[in-house]
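The values are calculated or read from the model by the stated rules, or taken from the named source; none is laboratory data. The structure displayed is predicted, hence computed values, not measured ones. Counting neighbours? That spans all protein chains shown, and the Cβs are built from the backbone with ideal geometry, glycine included.
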Ligand SMILES: Cc1cc2nc3c(=O)[nH]c(=O)nc-3n(C[C@H](O)[C@H](O)[C@H](O)COP(=O)(O)O)c2cc1C
């Protein structure tokens, strides 16, 4: 082919079209082929964070490529669905297929929260939530892990909050998805900051959500200090988001009714 024909507009466009076509086939084939792997890894990350929140796995501890280790530990949990309107467990919804975030967008399966109710900034609240229960040998609950979410500074933050058997004391907190700035709001991932959530009281004696993220701690041993976690420095808005979402999900509109039922069951 002579040079002028090879560099004609038609030829250049043809070559560009073929390159685009080949690239798009490669990219879409890779996306389709890797989707199951991506879904598997997302699921594994979710399980890992349930375990981290429950204090059963060190931060940074990993599984092998097939997720063994995490899967084995995760099998100790009983996975149940809770009706958030009543606080009752239900078998009407399958935890294996229930997608809480999708349900929250469906008017048939969620409710719109009023401005006063919506302290976590989630807009709509799904009717059903999945919780993870760790039982003791005597059949009583040792820990329960609750999914929580709420607005951070830049985006919604998604995580897990674990409670001890008294249903008032935190056993741990872990976020698996957020858009906060590394070094500022992103310090929610810092193991040292997260470590403070083991043993802090979430509900006061009247069972009202009372967690406080503070810049200055109350004197050690004081009553107020039991409800305090350090604020994230330089990240007041993320801090407020974390405080509000933990209060929301441990309150009446969140898992409050479930926690009350479990508390009564433990007492009886
Ligand atoms: C680039 C950039 C990123 C920021 N990221 C965060 C963040 O992730 N979380 C947050 O609360 N504040 C973030 N801030 C700071 C807020 O804008 C605001 O100044 C801060 O929340 C005030 O907190 P302070 O009172 O502790 O200084 C960021 C600011 C800048 C300029």
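Things worth noting here:
Yes or no, residue by residue, for (1) without any contact (Cβ under 8 Å) to a residue 60 or more places away in the chain; (2) in a strand (DSSP E or B); (3) farther than 24 Å from residue 51 by Cα:
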| residue | (1), (2), (3) |
| --- | --- |
| 93 | yes, no, no |
| 98 | yes, no, no |
| 102 | yes, no, no |
| 111 | yes, yes, yes |
| 115 | yes, no, yes |
| 131 | no, yes, no |
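- Strands (runs of 3 or more DSSP E) within the range 142-254 that include 3 or more residues under 14 Å from the mean Cα position of the chain (by Cα), more than 16 Å from the ligand (Cβ to nearest atom) and surrounded by 15 or more Cβ atoms within 10 Å (Cβ to Cβ): 156-164, 170-177
- When the criteria are applied in full, residue 266 fails the requirement of being part of a helix (DSSP H, G or I) and surrounded by 15 or more Cβ atoms within 10 Å (Cβ to Cβ).
- Residue 137 passes every criterion in (1) modelled with pLDDT of 95 or more; (2) surrounded by fewer than 19 Cβ atoms within 10 Å (Cβ to Cβ) apart from (1).
- Residue match in the range 96-119 (condition: under 24 Å from residue 197 (Cα atoms) and either loosely packed, with under 13 Cβ neighbours inside 10 Å or outside the structural domain of residue 169 (by TED's automatic domain parsing) (or both)): yes
- Residues of the range 106-129 include at least one that is touching a helix residue (DSSP H, G or I) at 6+ places or on another chain (Cβ under 9 Å) and on the phi > 0 side of the Ramachandran plot.
- Members of the range 197-211 found to be under 21 Å from residue 236 (Cβ atoms) and modelled with pLDDT under 95, listed by number: none
- Condition met for residue 27 (outside any strand (DSSP E or B) and crowded, with 16+ Cβ neighbours inside 10 Å): no
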